[in-house]
Amino acid sequence: MTKDKGKLRTVAGPPRTLNVNKFAESRASELESLHSIVKERLSNDFRSQRSKRRRTTGHDNRVAKSRVRKKQKPGEENLNKSDNLKNDKKTLPRHVRRRVELKKNSLNGFSTSGDGTKRLRTHLWYAKRFTMTKLWGFHLPLGVQGRGRGSRALLKKLKGGVLVHDASYCSAIQLEGPQDLLLSILKTVLVPSPYSHCEDARNDVLCGAIYGSAELHHVGATFSKTIAPVTYMWQPQQCRKADTKVDHADICGEQQKIDGCASLRRLWVWIHAAAFSEGYNVLQNACERQVDAAGSRVSCISLEDHLGKLEVIGSRASELLQKILHPATCSVNSSLVKYASFIENDDQILSSAIFSLFVNDPRFLNKDITDPLEAKSQNISYKKDENGGNRIPKRDMKLLSCSSLECEGSPGLSECIDLWDAKEGIDPPMEENIICMEKHHQRMELFRVGDVNSGRQQTSVERRFSRVCPILLLKSDNQKTSIIRWSIILPLCWIKVFWISLVTNGAQAIGLREKHWIACDLGLPCFPREFPDCNAHTCFMALKEAAYDEKSELRSPQTRTGKVPVSSPWDCVRLALEGLSGAGHDWMQHEQLSPNDITKNLKMNTPYSSRCITDIESSCSAPLEGLVARTSYVLTQFLDEISGSHLLLFPKVLHRTKCISKFMKDERIFNEDTDKGIYQINRDQKLCLVRVLLHAYREGSFEEGAVVCAPQIDDVMLFTTRSKISKGELQVPESFVRSCFSQQATGKWEFQVPEDPATKESYRLPIGFITTGFVRGSKKPVAVALCEAVCLAHLRGEQWKSVGVRKRRKDIYVLVRNLRSTAYRLALASIVLEQWEDDVECM
């Protein structure tokens, strides 16, 4: 605009269209001068240099045309008419049909391969970069391509970056009904029971402010069979009026006034894919049995094809979520208030907290905002550079004005559907081709190219799309680990959108192998690898052993190594208990019972073997005929049942007077009543395993499947008093390593008691096995093992009795021998239940 005698005159802008012929005629002299300059430089030789030529078929148009004809993409008519694809499959190759199928973003369900195996929504991204495997009915990423290394770089990224994993193979089961019935069902199938928590924690779980972790068991006695670890969460009771704001404290107060409308509650139980079918059958049977006086029942619905789950792990996970998760205006609730108040300092967020949010599509975030006024209106903090200018925003990013990107039929913010109503259907995100077309029209309008009205034309869309997604944000960090872990629960159709945003903003994707390394480094159990009392563990180990046998058959007989058991033979742990019953504290004097007799006595005489057997059970049976105590309550109850409360085990129970620190400093433990410390083991006693963390005393690397043995006092003194041990000490013969475990015709492994007198002196009785070995690159390598609880108590008693009060330790000395090694290594075992009240949280 210019001024002309006090009047404003608008200057005409550049034309919207350009005629190339007229433009060339008007610039003919300039083009000729440029051509003459180029001609002089190339010596009038416009041919490509021979040294830069490549042997390609690019010059042959016939080959290019045939290639395009073969790989021609299907048109819109072929996509809409599925009958044509079925009748004429030769027109479209398999890779074209597969690409079209993988690009689809259906509302519910997973795409399947030819054999019915499901594919994750991130399958196409994973398959290009990871080694894929068929497991639990899914195509899952096993790990990064290669030889299975890279743990050192992964742990470094864990402590200084962000890792992301697609855990959509874990599914939820929805229970809906009266609150009293739901609590009674959870009491019969969950350990620990919801009633076992303190009053404050129980109220927080019922309000939906935090989630709970427990073990799912078959309906029956306390020591019934374990199915899998689960995570359960309650839907918050919302106010009936839309204008009323609801707070968790108000909800907890209103729960005491339950009327006919508010008594119906919803509950989600998240189960791993390895045990989903078994867990669903158990919950469905439990719901059918529970009926109140009014005849009300609890409905059990599977949400397997509706919800997805993304796990974000790392020290900078909170920063990444703050960058891509921007709550929309429709999520004005108590969760948003808490999320906004703690967003600056995530240390104040309670463990196991749940945030129910409506977030904007992360694809519409603008990263180039530099206007301080706009930043102030959007709560964006800026930093000044050295010259005083504004740089990129510190934390938040402003959302684009997406009014032009909103297609027809898109619901407004007032029509947002809560994630708890995912069964009814949630609108999917906008398709990429629509977004790209709208962005193209915006660029054309910005450069004033083409028709003005062409960019405003909206294509007719049959489906409804949304720019707002409902999510549940779960924080999982506690005193056990120092690494922050977040879980994002969202509709299945939105998985791909958030996955691409997380990866492009710096998160590193991981597979099952890397997830197992992280769980071991954090000291958390990994399902189903470390759950030998579950059917899922047996099925997993059977597949692992079949893969191991197939790989060994590819080698020549000269290069094959000796076969060792892939699944640990837990029956041999019974030998240690038999040794205790035969000779008190003398571990090496025990009755020569075969493992078959031990197993027969265990099945026939144990009073704990009775359990509730459902009509539908998995074809795989658990290899462990015993129990694994993962809560202090279960361990305490087991000790009370066998009259072993005086044993030197100190489970961390609330308001418990028995403290390990007092017993360590008491000199009268073994002086006043020596007979009290001797405990006679019944032959029909059931095994009770506890999870322990093993640290090498001086040296040694513990592998998965290594056997944990009971040392003698001389063995402990040999390692602790000497600075160096000779090579021949504390070793078993090579023949014993090869014949230690023998495989029967049924495929089951059994422990062979040595008969050679020389071998009897060198071998030690097994009390457990290592389920997870050392992770390479860890600064504090730790192995995870399951050991017999009574045996550990007797070992602690022997070791405390042999040393003075000041030299007693909380940890227990054990010996570890890798299955292919002849040497024993000394290790320190710390019982997890003596440090924490429960051990049910897993990865």
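The values are calculated or read from the model by the stated rules, or taken from the named source; none is laboratory data. Values in this document were obtained by computation on a predicted structure and should not be read as measured data. Methodologically, a virtual Cβ is constructed for each residue, glycine included, from the backbone with ideal geometry; neighbour enumeration extends over all protein chains shown. The area values use the complete protein model at the heavy-atom level, side chains included, leaving out ligands, DNA and RNA. Shrake-Rupley method; radii C 1.70, N 1.55, O 1.52, S 1.80 Å.
Overview of values
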item	result
Highest-first arrangement of 503-514, 543-554, where packing means the average Cβ count within 10 Å	503-514, 543-554
Accessible-area ranking of V162, V144, largest first, probe 1.4 Å	V144, V162
Derived scalar couplings ³J(HN,Hα) [the range 26-32; Karplus, 6.51 cos²θ - 1.76 cosθ + 1.60; whole Hz; x for Gly, Pro]	6, 10, 5, 5, 5, 5, 5
Nitroxide proxy distance, nm - points 7 Å out along Cα→Cβ at I660 and H95	5.9
Protein-only accessible surface order, largest first, of D640, D666 at 1.4 Å	D640, D666
Cut-off under 5 Å, modelled amide H: who pairs with L307 long-range	L492
Sorted peptide list for 187-199, 772-784, criterion being average Cβ within 10 angstrom, highest first	772-784, 187-199
C-alpha center-to-center spacing [the range 121-160, the range 502-555] in angstrom	11
Solvent exposure ordering (accessible area, 1.4 Å, most first) of S739, S111	S739, S111
Neighbourhood net charge (9 Å Cβ-Cβ; Lys/Arg +1, Asp/Glu -1) for T772	-1
Under 5 Å, built H, 5+ apart or other chain: amide partners of S111	R119
Subset of K724/K807; K652/K779; K157/K475; K156/K686 violating a 31 Å alpha-carbon distance limit	K156/K686
Peptides ranked, highest mean first, by Cβ atoms within 10 Å: ranges 466-472, 436-442, 519-525, 27-33	466-472, 519-525, 436-442, 27-33
Gain on full stretching of the segment that runs from L124 to I713 - 0.36 nm per residue minus C-alpha separation	206.3 nm
R820 long-range amide H proximity, modeled H, under 5 Å	none
Cα→Cβ-extended label distance, 7 Å offset, between N433 and T112, nm	2.7
Q752 versus K544: modelled label distance in nm, points set 7 Å from Cα along the beta carbon direction	2.4
